[in-house]
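Structure first, commentary second.
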Amino acid sequence: MPNVTLVVCAAPLSSRTVDIATYLMRDAWSVSIVGTPSSAAWLDIPLLVSTLGSPPRIDYRTPDQNRSAADPDAVVVCPATFNTVNKVAAGIADNYAVSLICESVGAGLPVLMAPMVNDKLWRHTALPGAIEALSKSGVRFMDLQSGEHSLQPIQSGSGAGVVESFQPRWLAAALREMLSGAAIDT
């Protein structure tokens, strides 16, 4: 069973982390969760523990802790925030989650990012360059509103609707496509 690390950032869709992890497990992935420091307040950690058998990893391990048992075969960043997309593109690995994504990009692992960025931040000059740089590095992007590759900003104030209509199967299909080269079946 291949290993996928689901990296979760602090955005409304993080409330669906258990749904996403459950769907990926049904799709024959072994799932581990890594969260950015800000995501911890958004996650239902007891539910994640009961679903996955372990808590999400939020920080670097301490010297007395064992290293994770399995390296990921793929990384999914969902939701990916404006901050995380730009940090990864710039190589600013200032927390465990971003470090893991940066290492995965550098190692050539399949990395799928699903940005949850509002229309105001979408128009910031840094974002298009970050998406372009990451795309050139092999990162694939998926739109949270459609499951397609073409990205669209999320209208400010519409986060609840995006959360409700998001389909975890889109991520599984995009992962399968990345690994096989087939077209996405949404």
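The values are calculated or read from the model by the stated rules, or taken from the named source; none is laboratory data. Not measured: the values here are computed from a predicted model. Here the Cβ positions follow ideal geometry from the backbone for every residue, glycine too, while neighbour counts run over all protein chains shown.
Couple of notes before you dig in:
- Those residues of the stretch 32-53 which are touching a helix residue (DSSP H, G or I) at 6+ places or on another chain (Cβ under 8 Å) and either over 30 Å from Gln155 (Cβ atoms) or small (Gly, Ala, Ser) (or both), in sequence order: Ser32, Gly35, Ser39, Thr51, Leu52
- Residue in the stretch 104-112 that is among the hydrophobic types (A, V, I, L, M, F, W, C), farther than 18 Å from Leu179 by Cα and without any contact (Cβ under 8 Å) to a residue 24 or more places away in the chain present: no
- Taking first residues from the stretch 117-131 that are surrounded by 13 or more Cβ atoms within 10 Å (Cβ to Cβ) and partners that are part of a strand (DSSP E or B), the Cβ contacts under 6 Å between residues at least 6 apart in sequence or on separate chains come to Asn118/Ile154.
- Number of positions in the stretch 100-155 that are assigned to a strand (DSSP E or B) and basic (Lys, Arg): 1
- In the stretch 148-186, the residues that are surrounded by 17 or more Cβ atoms within 10 Å (Cβ to Cβ), of a type outside the set (A, V, I, L, M, F, W, C), at pLDDT below 95 and closer than 19 Å to Thr5 by Cα: Glu177
- Candidates Ser50, Ser54, Ser38, Ser15: the one that is part of a helix (DSSP H, G or I), out of contact with any Lys or Arg (no Cβ under 8 Å at 6 or more places or on another chain), of a type in the set (S, T, N, Q) and closer than 21 Å to Asn3 by Cα is Ser50.
- Qualifying positions in the stretch 42-83 - under 17 Å from Arg16 (Cβ atoms) and touching a residue at least 60 places away in the same chain (Cβ under 8 Å): Val76, Val77, Cys78, Pro79, Ala80, Thr81
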